[in-house]
1. Quick check on segment 281-367: take the gyration tensor over C-alpha atoms, sort the square-rooted eigenvalues as a ≥ b ≥ c, and tell me if it's rounded (a/c under 1.5), prolate or oblate.
2. Mind pulling the angle between the C-alpha long axis of helix 178-187 and the longest principal axis of the chain? Nearest 10 degrees, somewhere in 0 to 90.
3. For n ≥ 4 DSSP H runs only, could you compute -39500 (n - 2.57) per run for the chain, divide by its residues and tell me the 222 nm figure to the nearest 500?
4. Where does each of 121, 229 land when they are ranked from fewest to most other beta-carbon atoms within 10 angstrom?
5. So what's the angle, to the nearest 10 degrees on a 0 to 90 scale, between helix 237-250 and the longest Cα principal axis of the chain?
6. Give, in nm to one decimal, the length gained when the segment between residue 358 and residue 39 is fully stretched (0.36 nm per residue of separation minus the Cα-Cα distance).
7. According to a simple spin-label model (label point 7 Å from Cα along Cα-to-Cβ), what is the distance in nm between residue 250 and residue 400?
8. By how many degrees, 0 to 90 and rounded to 10, does the Cα axis of helix 98-107 deviate from the longest principal axis of the chain?
Ligand SMILES: *Cc1c(COP(=O)(O)O)cnc(C)c1O
């Protein structure tokens with residue numbers, strides 16, 4: 001008991017360096033608080049016992065003392081501390097999935113009669129929540145061009161409560177001008193929320209760019225191994241208080257075992273991200289040279305919308321990008337994706353390579369998709385890059401043969 005309490009009072013963070021590779025090895029753990037055991041064990045908890053009436057009645061505005069499994073445990077506090085340190089935020093809040101993190105953050109700012117601005121290229125299920133739930137509760141949801149930048153000032157209304165961005169955008173990778181948008185928003189006291197799942201806390205730091213809230217589908221790179229869904233939200237102090245309260249009111253919770261997996265993923269995150277970046281760039285450059293390819297939608301490529309912003313605001317790229325092939329009939333797409341040996345076909349992403357035909361026309365309204373080709377989203381996993389390129393080469397040959 002005593003050991004646990006020390007941990008809770010003094011969150012362990014060896015954040016004497018801001019280098020994510022070093023920070024992530026230490027963040028959120030203090031072995032001396034756990035009998036010298038290196039990792040914070042998975043705390044499985046519903047009931048947490050109080051030692052006396054004073055403790056039961058104690059007031060803890062910081063939510064650091066575990067009172068009940070759903071409110072916080074040493075596992076959730078450790079993971080939240082680690083991600084908050086990585087993002088340079090005040091505190092974090094866990095949620096049961098990436099989507100739950102998006103919806104909880106939005107609910108913290110939603111009110112009947114309020115207005116919400118959403119980048120047109122956010123993750124489809126995030127849009128669905130805005131369209132089907134927030135509108136039913138009386139929120140006006142307006143989608144805007146992801147490349148709107150400082151012109152967002154013209155969209156702000158007295159009743160605008162928040163702006164939801166996702167940079168780069170889902171499927172099509174538009175890099176957004178977070179500093180310009182945050183300046184316009186903060187002039188009016190409006191919060192800026194950024195889904196930064198693609199960057200995984202490594203490639204960009206939205207809070208440093210002016211955002212108030214950063215949202216992660218930890219399911220992707222943090223967990224990293226396709227074996228849990230977890231979400232996490234990091235905020236400034238003011239944003240955190242609002243979001244923590246909303247998460248409690250909504251009943252957000254993540255079990256100790258899933259938090260353990262997310263925490264373990266963080267230890268290797270920086271090394272994995274470097275490899276994902278390198279392999280994705282090798283594949284993207286190879287694809288660019290193929291005559292079946294019309295365009296590569298990857299922020300590191302000059303023809304990706306917002307490439308200059310990416311150069312200014314990001315320190316690198318991840319493993320996820322999209323290739324626009326010259327228009328293909330369905331049978332040719334099937335010949336490509338059905339015969340892959342290394343690339344699996346499925347949603348989300350982690351250590352393995354994935355291939356997924358996508359169509360942004362279905363999930364945008366403010367800026368109709370003008371591309372004429374066939375879009376294939378790729379995730380470069382941790383396999384050998386040459387093996388992956390060979391797999392794609394065979395796939396493109398199958399595709400051509402099936403035309
Ligand atoms: C996957 C994803 C989510 C949702 O995460 P889940 O854990 O699957 O709910 C949210 N935002 C982005 C950008 C994602 O890629």
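Read-outs: derived from the displayed coordinates by stated rules, not from any lab. Keep in mind the model is a prediction, meaning the values are calculated, not measured. Methodologically, a virtual Cβ is constructed for each residue, glycine included, from the backbone with ideal geometry; neighbour enumeration extends over all protein chains shown.
1. Numbers: a/c = 1.56, a/b = 1.38, b/c = 1.13.
Prolate, since a/c reaches 1.5 and a/b exceeds b/c.
2. 50 degrees
3. For the chain, the value works out to -10500 deg cm²/dmol.
4. Details: 121 28, 229 20.
Ranking 121, 229 by Cβ neighbours within 10 Å, fewest first, gives 229, 121.
5. 90 degrees
6. Numbers: separation 319, 0.36 × 319 = 114.84 nm, distance 3.91 nm.
Extending this stretch completely gives an extra 110.9 nm.
7. Label at residue 400, label at residue 250, 4.8 nm between them.
8. Helix 98-107 sits at roughly 60 degrees to that axis.
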